[in-house]
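Chemist: The structure that follows is given in the form of structure tokens.
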Amino acid sequence: MSMLFVFSLFLLLDVPKSCIAQKNYSSFMLVQQWPKGFCNSISGFCTSIPNKFTIYGLWPIRSNDQLIVNCNLTNHLTYDDIKRVEKQLSSNWPSLVGADFEFWSMAWGMFGTCSEKEFSKLEYFQLALRNYAQNDLKGILKKANIVPDEKQLYNISSVVAAVHQHTQHHPRLACYWSRSLNVSALYEIGICYTEDGKSYKDCLEYYSTCHGTEIAYPK
């Protein structure tokens, strides 16, 4: 399966409301994916399934909750741009369906270029890595006794509250429909930041793709 296809498919599913190609933004969303949930949602088309949340993207968002994409299609990522953080990216921002560098290149082209006036390519990826390191979502959920389980269901509000306890702000959850469990299952959590990427802020949509009151956290 083409990684570009998978990336595009989930972008269409996950965008808060709509996409536009403008350069002004008011916040960032650091999106972390739960690999088991992500891979289940695409019928297992994964080359690896890490046992931790991994970075899916750092998305620029306008004040009206619109996601901004493709702001400069001529500003391409090169290996030299990120070689200083390649090891960290490989560990914490891996592609689950293809080549890592291709994944990072798409992330920069679609999202990073929209903050290129404020952050260089290296600074953009360093920002994502730094904020990721401050938000160990698996550990945060575990503190609230929310752990991956094949049978246990968790109240959506409990998952939101666990992250809120850490950040003091509301996250954004994304789910897919698990046919085997007949319930929404978690595959993604977004944490929102101010436009400089330094301070937490509320995400505007909390769990629009998670239906019902309980969700699975697939093991």
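Chemist: Dividing the alpha-carbon radius of gyration of the range 130-219 by 2.2 N^0.38 Å (N being the number of residues), what value is obtained?
Modeler: Scaled against compact globular proteins, the figure is 1.07.
Chemist: Let me ask something else. Tell me the net charge near Val159. Cut-off is 14 Å between Cβ atoms, Val159 excluded, with +1 for each Lys or Arg and -1 for each Asp or Glu.
Modeler: Overall, the nearby charge balance is +1.
Chemist: A further question follows. On a straight-distance basis, which lysines could pair with Lys121 in a cross-link, Cα separation under 27 angstrom, same-chain partners fewer than 8 positions away excluded?
Modeler: Lys17, Lys23, Lys52, Lys83, Lys87, Lys198, Lys201
Chemist: How large is the charge dipole for the range 3-216, taken about the Cα centre, if only the Cβ atoms of Lys, Arg (+1) and Asp, Glu (-1) carry charge, to the nearest 20 debye?
Modeler: 280
Chemist: Taking 0.36 nm per residue of sequence separation and subtracting the Cα-Cα distance, how much length would be gained by fully extending the chain between Asp196 and Glu86, in nm to one decimal?
Modeler: 37.3 nm
Chemist: Using only the alpha carbons, work out the radius of gyration and Dmax of the range 159-198 in angstrom.
Modeler: That works out to 13.0, 41 Å for Rg and Dmax.
Chemist: What does the charge count near Pro171 come to, summing +1 for each Lys or Arg and -1 for each Asp or Glu among other residues with Cβ under 12 Å from its Cβ?
Modeler: Value of the local net charge: -1.
Chemist: Show that you can apply the helix-only estimate: for the chain, add -39,500 (n - 2.57) for every DSSP H stretch of four or more residues, divide by all residues, and state [θ] at 222 nm to the nearest 500.
Modeler: Rounded to the nearest 500, the figure is -9500 deg cm²/dmol.
Chemist: Moving to a separate point now. Can you give the direction-averaged projected area of the convex hull of the alpha-carbon atoms in the range 38-131, in nm²?
Modeler: Mean projected area of the Cα convex hull: 6.8 nm².
Chemist: Expected output is a single nm value to one decimal: the length gained when fully extending between Asp149 and Phe45, i.e. 0.36 nm times separation in residues minus the C-alpha distance. What is it?
Modeler: 35.3 nm
None of the figures in this text is laboratory data; all of them are computed from the coordinates on show. No experiment lies behind these values; they were computed from the predicted model shown. Here the Cβ is made from the backbone with ideal geometry for all residues, glycine too, and neighbour counts use every protein chain on show.
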